[in-house]
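This report refers to the structure that appears directly beneath it.
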Protein chains: 2
Amino acid sequence: MSDDALVIFTPSGKRGHFPLGTPVLSAARQLGVDLDSVCGGRGICSKCQISPGYGEFPKHGVTVAEDALTEWNAVEERYKSKRGMLDGRRLGCQARIMGDVVIDVPPESQVHKQVIRKSAAERVIAMDPATRLLYVEVAEPDMHEPTGDFERLAIALRDQWQVEDVAADLAILRRLQPTLRKGEWKVTVALHKGNHDSRPRILDLWPGFHDGAILGLAVDLGSTTIAAHLCDLRDGRVLASGGVMNPQIRFGEDLMSRVSYVMMNAGGDVEMTRVVREALDGLAQSIAAEAGADPASIYETVVVCNPVMHHLLLGIDPVELGQAPFALATSGSLSLDARDLDLKSVNPAARVYMLPCIAGHVGADAAAVALSEQPGQSEEMVLIVDVGTNAEILLGNKSRVLACSSPTGPAFEGAQISSGQRAAPGAIERVEIDPVTKEPRFRVIGSDLWSDDPGFAAATERLGITGICGSGIIEAVAEMRMAGLVDQGGLIGGPDQTGTARCIAEGRTHAYVLHDGSADGGPRILVTQGDIRAIQLAKSALYAGARLLMDEMGIDHVDRVTLAGAFGAHISPKHAMVLGMIPDAPLDKVTSAGNAAGTGARIALCNVGARDQIEATVHHIHKVETAIEPRFQEHFVNANAIPHAVDGFPSLAAIVTLPHLSFNTAGGREGRRRRG
Amino acid sequence: MSDDALVIFTPSGKRGHFPLGTPVLSAARQLGVDLDSVCGGRGICSKCQISPGYGEFPKHGVTVAEDALTEWNAVEERYKSKRGMLDGRRLGCQARIMGDVVIDVPPESQVHKQVIRKSAAERVIAMDPATRLLYVEVAEPDMHEPTGDFERLAIALRDQWQVEDVAADLAILRRLQPTLRKGEWKVTVALHKGNHDSRPRILDLWPGFHDGAILGLAVDLGSTTIAAHLCDLRDGRVLASGGVMNPQIRFGEDLMSRVSYVMMNAGGDVEMTRVVREALDGLAQSIAAEAGADPASIYETVVVCNPVMHHLLLGIDPVELGQAPFALATSGSLSLDARDLDLKSVNPAARVYMLPCIAGHVGADAAAVALSEQPGQSEEMVLIVDVGTNAEILLGNKSRVLACSSPTGPAFEGAQISSGQRAAPGAIERVEIDPVTKEPRFRVIGSDLWSDDPGFAAATERLGITGICGSGIIEAVAEMRMAGLVDQGGLIGGPDQTGTARCIAEGRTHAYVLHDGSADGGPRILVTQGDIRAIQLAKSALYAGARLLMDEMGIDHVDRVTLAGAFGAHISPKHAMVLGMIPDAPLDKVTSAGNAAGTGARIALCNVGARDQIEATVHHIHKVETAIEPRFQEHFVNANAIPHAVDGFPSLAAIVTLPHLSFNTAGGREGRRRRG
């Protein structure tokens, strides 16, 4: 028997020869195998559990004897009896190599655990959070070689964890001496990794070995809602999610009205900064409460948002964003202290990371969508639209990525619609109209029944039928178009033109009665001509933005469309295409990415490498400014028709035949022209 | 005539050939000549003034023609007519080289101006402050190449000033956009240099060219007093100096009683931290007011202090410093935000630098003394004693430097003395006793007259004669020893033993009547036996500390003694040696360095390179811990005699003959033994 042995780690396949007696953990470290440890190999933390394999491994060309590792020892026995451990597992720091062996590192023992996103487009996030726990043993003070306790802790972190040049705030220095003595010179620190512009920093510390929660908050700060996920930074699990309305709404529904508010009201920005910070702090508290966690366990917050929200959260007057050349005060990513943003409920040493902005109208939220959806990695030409009060649009593939934003306004969110309301119980969210009878059926949020199902009335009695939400109005208009109630120009036909008494006169135009609850004391829910016009404006802006990017890219069709945004998750691709919100594409290539910006925030929260990646990527995303592009107006006008005055929709035509109609009695134009 | 010309700069002697037409400033930069400029060569700041020389320069081997530089231009004319400029001067950015030329850079045009310390030991400080003003022209935003205003400012600083990777706080980002627009894309920034652990940072900014004050505060935070100098960081001038009592005195006169206060009173450290921070902030305000400056112009504060004050200022419980092994929470230098220390009156972005501590009993004040007095650069073996409530002692030369601290207590500052008082008007500060008549004469603070001068009574009528300050009691005791009123053991003789009625009985001991003001309603000022004992304890501690260092160094005499500390400036070397406060040395080799700790703080304030130097130096200073060194007690006991029971004082004996005396009627020991 030789003096060393072959060790093969799976699943990595890394292998090497080590002297007999080498602990498995040491071998893993030398080979760069991803094997976790908080206690640094002292048999305390149990993070380094491994599964040795015995017998023949023809694939690896080795035979593993029963005594390939040292025997099960007292440290392992104590851990297993106290905390439990799966049979066959060993502690990597205790088991020493005595012969050739194959060692499997189970997923939960990897530092860079992989987390599968539960969403339509599954995406793997490798855990590599900014903050992790490290257990260290610190040298005691020596009167003859005087150094500070902090300096000895720094040396211990350097020697035991290869952390160079660590820093700590005064608040940590203040607690250091009693903590070291209580822990008898053994402490666990929460260490925030350094990066190119900051030193590694101790955010918290505890006497002895500590294995408490290290939480992070991923925030998607929208104009209308603030949504957040509370994540465990050890394994990436989402412990709770929640949202609140953005309290800035009272200063203006959309971004430009908030910028106007600042221009008209001195100090308006200060007020808006205050309320959004308070809301964010409150959200951190309430989500932590929902998860049964202490908000002081939140050490890291990642925020994504559009440029106006970005500036208002930072306390920067957004007025420059309201006028050409739309200059951002700062476009780079930002690493801040949470207290700089008045986040009082999170840990006092907590950090905040804000993704970079792409341009004055294309913010950190679009960067987060790019991080989540990775258009720059796509073989196919993909169009990503993040539908909200403002639409962020990305187009690209491996060669090139373009971006713009388009001011769709809040119609898609149910605002500016006669019976519009936010997506809440009682809101109509799905609509179908029988093309023969012109009769509707619908579903409301809070019930799974369609309105013509038995029991619907009883099921919705308590909810009420209160209005139409964003996805409901899109389906309603698209269904009206398919059923021949609305013509290509967006005009609602009269009862004689459409053959249904549901099309009623409203002044000089018509409206469609989707639901009449007046007999039961409820509202009469109409789709009015004004509603159609509002949706036409919004969808034209969205389509024109996408079309501008296609012009810049030199293409006239896309391979794939991704609908992002919380609202995007509820849009039916078919109806979106009937409406002409998005360019034509095979329906099975139109998918929802859910809240892609929020996912991007989660990725940046769980993996600091992703931050470097998006910081590098944004410089390569070419920005198209819709506000000054002369062709935007032309695209906007052409997109006013339903689905479009000029562009063809061949993929849509293969499955849906839209009736040729013109209700304009003054003499309409020919309904459809094909191109391409 | 060739296409290039020889340029020689004086006083540096740097020379080089440059194409005709090269501005003098550019040539200076290429050669690394120290020529200042705030505006980057735009003819705005006038910092780059130079004096061209014309005619024969045999030393340099050139002849300078009258047209060696381009003609005086409109920019220079405008500057001279508006702001004035010495005849013969040119602006280095405007004058271009047209022939061989000799250019003198006057001292005030150098960035690293040299400042001569006005003190006994003249020392030159080369200006290299952490913060300086830089004027930059920033690219305007471009919608087609969107970047943030901050990112474009960073690029301008990189391209125009070679400042890489600049950072700015939110408060600066908040002001950036209006300032850039007001200055029409030209701004002046106050830039704090980065160092090994921090990025360069913008502390302040102004529209256009700005040449306002950049001030710094050098603070010597002592147990008893807080002294500070307000300096102009452009040229190192001290604009004002001032001091306040350390308000912590009410928690304990000396350091150990303050540590005890914390141990006995929960939260006592928090209270002491609060009051010292308030006092420091108030001092910054009052000194700025005295200089007629805005305290918000203070961008940098350097603090030196002993370890207990260091911890209390930082808000760290000093309890560990009160017991072996005297562990510091942190010993390294610290760079902090002024707001971390609640300094509210200085600029909101101001920084604080604290020098490193040497050990648990030898603090940043001792490090500052080492920086000011540079024992490690000395050829001679120098002993430096910083006399205060605690004495810091350094001993060394080029080969090796040792340090210790010794708990002298407050007797040297007039405390624990029967008629003792702080150095204030009315305090006796100088004493002489006639060896024949045994009659005293003295001077009080506030008058230049001796007490036997005509007009003394009138001159001191308003002041009063209120007590004895620290230097006064040292002179009094030494004079009493020389006049035969006090014996070698420190005993005051009775009237029969001394032959003067001024030696009166007080219980079982005697006291010397220095001044009897009771007839005029004033106090009777005595030097009591208790006073002598208090001085003996203090001087024994000081001497024993010095002696321990000499033991460690393996020497029994020193070449030179430097008395440092504000109080050290007032001690008469002869009297100090008669008392045996310091080891024997030639009297002309005993000098005062004034407030060396304060000078060290000023050096670190004006020159960031000096910070690196002292940070490196403290690691090489070997610390001797008096509290645990067995020989300390022996040295202490031997040093109780006046001047010493064992050690000889040959240099002193050459000029002063001390009477052999013993007033101990129980039988004294032999008065003097010689050694060495």
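Annotations for the structure displayed:
- The simple spin-label model puts a point 7 Å past each Cα toward its Cβ; for A:Asn195 and A:His619 those points are separated by 1.4 nm.
- Peptide packing for B:312-320, A:357-365 was compared via the average number of neighbouring C-beta atoms within 10 Å per residue; ordered from the highest value, the list is A:357-365, B:312-320.
- Computed from label points 7 Å out along Cα-Cβ, the spacing between A:Gln323 and A:Asp294 is 5.1 nm.
- Exercise: per-residue mean of other protein chain Cβ atoms within 10 Å, A:171-178: 5
- Taken about its Cα centre, chain B carries a charge dipole of about 360 debye when Lys and Arg each add +1 at the Cβ and Asp and Glu each add -1 at the Cβ.
- Descending semi-axes in Å of region B:236-387, equivalent ellipsoid built from Cα gyration tensor: 25, 23, 14
- In a reduced charge model with +1 at each Lys and Arg Cβ and -1 at each Asp and Glu Cβ, region A:1-125 shows a dipole moment near 740 debye about its Cα centre.
- Long-range Cα-Cα pairs in region A:424-474 (distance over 15 Å), rounded percent: 41 percent
- With the convex hull of its Cα atoms as the shape, region A:4-109 has an orientation-averaged projected area of 5.9 nm².
- Of all lysines in the structure, those lying under 30 Å Cα to Cα from A:Lys193, and not within fewer than 8 positions of it along the same chain, are A:Lys14, A:Lys47, A:Lys113, A:Lys118, A:Lys182, A:Lys344, B:Lys193.
- Average other protein chain Cβ within 10 Å of Cβ, residues B:322-334: 6
- At R0 = 60 Å, FRET efficiency that the Cβ-Cβ distance of B:Val513 and B:Lys398 yields, to 0.05: 0.75
- Taking chain A as a whole, the Cys residues whose C-beta sits 4.7 Å or farther from every other Cys C-beta are A:Cys48, A:Cys93, A:Cys231, A:Cys305, A:Cys357, A:Cys404, A:Cys469, A:Cys503, A:Cys606.
- Based on DSSP H segments of at least four residues, each scored -39500 (n - 2.57), chain A has a per-residue ellipticity at 222 nm of -8500 deg cm²/dmol.
- Share of pairwise Cα-Cα distances greater than 15 Å in region B:1-55 is 49 percent (whole percent).
- Paramagnetic reach from A:Asp169 in region B:278-322 [backbone N under 18 Å; point 7 Å along Cα→Cβ]: B:314-317
- Cross-link partners of A:Lys623 among lysines, defined as those whose alpha carbon lies under 27 angstrom from its own and excluding same-chain residues fewer than eight positions apart: A:Lys398, A:Lys539, A:Lys589, B:Lys186.
- Rg and Dmax, both from the Cα atoms of region B:130-207 and both in Å, are 11.8, 37.
- The Kirkwood hydrodynamic radius of chain B, based on inverse pair distances between different Cα atoms, is 28.1 Å.
- Placing +1 on the Cβ of every Lys and Arg and -1 on the Cβ of every Asp and Glu, with nothing else charged, gives the protein assembly as shown a dipole about its Cα centre of roughly 280 debye.
- The equivalent ellipsoid of the protein assembly as shown has semi-axes of 76, 40, 31 Å, largest first, where each one is the square root of 5 times an eigenvalue of the Cα gyration tensor.
- Relative protection proxy for B:9-18, A:51-60, B:439-448, B:297-306, from highest mean packing down: B:297-306, B:439-448, B:9-18, A:51-60 (other beta-carbon atoms within 10 angstrom).
- FRET efficiency, B:Lys574 to B:Glu271 (Cβ-Cβ, R0 56 Å, nearest 0.05): 0.80
- Cα-projected label distance for A:Val244 with A:Gln377, points at 7 Å along beta-carbon direction, nm: 3.4 nm
- DSSP bridge pairs, chain A: antiparallel proportion in percent, nearest 5: 70 percent
- Gyration tensor over alpha-carbon atoms, region B:265-341, equivalent ellipsoid semi-axes in Å: 27, 14, 9
- Extension gain from A:Gln162 to A:Ser335, taking 0.36 nm per residue of separation minus the Cα-Cα distance: 60.0 nm
- In this structure, B:Leu20 and B:Glu77 have a Cβ-Cβ separation that, at R0 = 22 Å, corresponds to a calculated FRET efficiency of about 0.45.
Coordinate-derived values only; no laboratory data. As the structure is a prediction and not an experimental result, all values here were calculated from the model. Virtual Cβ from ideal backbone geometry, glycine too; neighbours counted across all protein chains shown.
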